Amino acid sequence: MYKSYRTQARTEYEKANRIAKRDFLLSISRGEEGYLQALEDIIQNVEIAKEQNLGIIDIPIERIKGTYYHSRAMSFSTNFYPLMKIDTEFASKWMSLYEIHYKEGISDPIVAYEYLNWFYVVEGNKRVSILKYLNAFSIRGEVKRLIPKWDENDPQIRIYYEFLDFYDKTKINIIWFNKEGKFKELYELIKDYQKKSDFVENKYDELVSSVYLPFRKAYRDLAKDRLKLPEEEAFIEYIKRFGLDNVPEIEREMRRQVEILVEELSEEKVKPVTPLFKIPGLLAGTPLKVAFIYNTGIEESAWTYSHELGRRYVQERLKGEIITKCYEKVTDAKVYEQGHGRVRKRKV
């Protein structure tokens with residue numbers, strides 16, 4: 001029996017190793033790093049404002065991005081599969097852990113850091129590698145959160161602080177948005193959710209398991225190659241469209257709802273965009289040219305930076321109707337008139 005367990009573990013390691021090498025070479029061919037990300041490299045120049053102990057929590061496998069130590073990252077490809085050769089000590093330990101998982105399951109929690117709602121493993125990298133390979137959903141882990149210093153000029157930091165408020169209220173860490181305001185919008189939609197089971201302590205745990213995850217499964221299948229809308233944003237649209245009180249318990253009925261949603265979102269995608277305004281007849285057919293003149297550099301002032309974001313939005317939203325240019329560090333009219341050819345100019 002031992003021999004059969006060991007033989008299977010070896011076979012699975014060889015498969016995982018082949019996938020790791022393929023993933024590594026593919027990353028290199030795209031000009032990317034072929035190894036896992038290491039948190040100690042990422043936060044090298046980041047000012048950490050606070051370290052928070054989250055205790056032992058369930059970590060979604062999909063949100064484990066790398067290791068804490070750079071040296072450990074070199075043993076895995078970007079998909080967390082093992083890169084070391086079959087005759088190494090590393091491979092032997094991986095196979096032994098695989099045997100344990102095959103016979104009784106992996107139950108010991110890992111140790112990890114959370115940064116920007118991604119997880120980086122301190123202890124337990126091989127356990128994570130095995131569970132990634134086996135498509136497990138989550139793993140228990142003792143987690144410490146590293147909270148970066150607030151920076152109003154960094155959209156990612158602003159979104160993360162919004163997430164922290166959302167997490168404090170719900171303890172949901174599987175959902176992530178790349179747009180500001182979305183965590184607040186989702187919370188307003190789910191805050192009155194009534195749990196259906198008395199055996200669940202946190203109603204949001206039930207919401208994730210019985211609503212979000214079935215929705216995600218159906219959306220990934222039905223929206224593949226059809227929509228670029230992230231599944232988290234699509235979930236918000238799903239709640240708005242059908243409501244949490246009308247979520248069916250039967251999976252195929254939810255799939256039908258998601259199918260309807262995908263069809264509706266696909267139709268919206270091809271609808272012509274109504275112009276925000278009409279170009280005067282005198283200028284019809286000619287793009288309107290607009291200049292933004294800043295008295296500071298874009299990165300030097302939050303006020304200037306916010307206006308620059310507005311300029312970029314207008315340029316994108318009214319593409320073909322408006323052409324914008326911006327000029328930085330123009331302190332007065334004389335500087336602009338005399339140094340027009342020398343002032344820093346940007347065009348999008």
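The values are calculated or read from the model by the stated rules, or taken from the named source; none is laboratory data. The structure displayed is predicted, hence computed values, not measured ones. Every residue, glycine among them, receives a Cβ derived from its backbone with ideal geometry; neighbour counts consider all protein chains shown. Remember, those area values only see protein heavy atoms, side chains included, never the ligands or the DNA or RNA. Shrake-Rupley method; radii C 1.70, N 1.55, O 1.52, S 1.80 Å.
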Carbon and sulfur %, accessible surface of segment 77-179 computed with the full protein complex present, 1.4 Å: 47
Near-label residues of segment 73-89 by backbone N, under 13 Å of a point 7 Å along Cα→Cβ of Leu26: 77-81
Out-of-range pairs (alpha-carbon distance over 29 Å; input Lys196/Lys224; Lys149/Lys224; Lys21/Lys93; Lys191/Lys228; Lys65/Lys103; Lys132/Lys224): Lys196/Lys224; Lys149/Lys224
Built amide H within the under 5 Å cut-off of Ile59, gap 5+: Ile139, Arg140, Gly141
5 angstrom amide H check on Ile322, placed H, neighbours 5+ away: Leu288
Sparsely packed chymotrypsin sites (Phe, Trp or Tyr not before Pro) within segment 152-221, loop by DSSP, other Cβ within 10 Å at most 13: Phe199
Filtered trypsin sites (Lys or Arg not before Pro), segment 79-122: DSSP coil and at most 12 other beta carbons within 10 Å: Lys85
Binned Cα-Cα distances of segment 30-146, short to long, each 10 Å bin given as a whole percent: 14, 46, 32, 8, 0
Beta bridge orientation in the chain: antiparallel %, DSSP, nearest 5: 60
Cα gyration tensor shape for segment 61-206, rounded if a/c is under 1.5, else prolate or oblate: oblate
Lys228-Arg6 FRET efficiency (beta carbon distance; Förster radius 45 Å; 0.05 resolution): 0.50
